[in-house]
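Below is one structure, written out as structure tokens, with a few remarks after it.
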């Protein structure tokens, strides 16, 4: 076995085995939440491109920093599944199918949704802070970004990718995703790129909390904190974290 193959096996082997075994055992039944998310996104895409449906989708799932905070928080959960109008919808559907599918197998559906919402909410709240700081601040945003529609699963996808890679000790991949998001901001300094970094920051906080709990003995040797694995929703179990 070549050195590259050995490295790939060490980096992705546990993650690949978990996903492969789950799909082999249950096929599409292993990812029901992911399939529902893909279908919901496709429905939103169809509806928002109809004259009668555009305003409806805007009202229930489109978030702008200029919106009242309570309204933004109310719309944020559905905003994950409203694809951006200026991007091809197949990109959002592919992100959901691949990344949400892997996360659902590895984390369980409820943890996947919780992390996805946390990452998206971090980006949504960052936009308000960034606009308040102004463009003169390194992490600030111009006032015009308050009117930018903030939808789509990208922040959730980035956050889930980093968390799953960290849990399965694919540290190089997690670092690579983070570096690519930094490069995105350097090349195209826009709201979406900075929201991705905010999502990663929120997920890293979750990783740090889990690491502290593990060191305090709160995590069993099988990687589950409550003895049920990833919420009993798939055969994948996180390997133990090595300090």
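Since every read-out is calculated from the coordinates, none of them should be taken as a lab result. Because the structure is predicted, anything quoted here is derived from the model rather than measured. Cβ atoms come from the backbone with ideal geometry, glycine included; neighbour counts cover every protein chain shown.
Taking helices (runs of 4 or more DSSP H) as the structural unit, those lying wholly within segment 113-223 and holding at least 2 residues that are surrounded by 14 or more Cβ atoms within 10 Å (Cβ to Cβ) and in contact (Cβ under 8 Å) with a residue 60 or more places away in the chain correspond to 154-167, 191-215. The residues of segment 62-71 that are surrounded by fewer than 13 Cβ atoms within 10 Å (Cβ to Cβ) and not in a helix (DSSP H, G or I) amount to a single one, 68.
If I go through segment 83-108 residue by residue, how many of them are in a helix (DSSP H, G or I) and crowded, with 21+ Cβ neighbours inside 10 Å?
First, the residues of segment 83-108 that are in a helix (DSSP H, G or I): 89-107.
Now restrict to residues that are crowded, with 21+ Cβ neighbours inside 10 Å: 92, 95-96, 99-107.
Total meeting the criteria: 12.
Per-residue answers, yes or no, for (1) surrounded by 12 or more Cβ atoms within 10 Å (Cβ to Cβ); (2) within 19 Å of the chain's Cα centre (by Cα); (3) in contact (Cβ under 8 Å) with a residue 24 or more places away in the chain; (4) assigned to a helix (DSSP H, G or I):
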position: 5; (1), (2), (3), (4): no, no, no, yes
position: 10; (1), (2), (3), (4): yes, no, no, yes
position: 13; (1), (2), (3), (4): yes, no, no, yes
position: 23; (1), (2), (3), (4): yes, no, yes, yes
position: 33; (1), (2), (3), (4): yes, yes, yes, yes
position: 42; (1), (2), (3), (4): yes, yes, yes, yes
position: 47; (1), (2), (3), (4): yes, no, no, yes
position: 52; (1), (2), (3), (4): no, no, no, no
position: 60; (1), (2), (3), (4): yes, no, no, yes
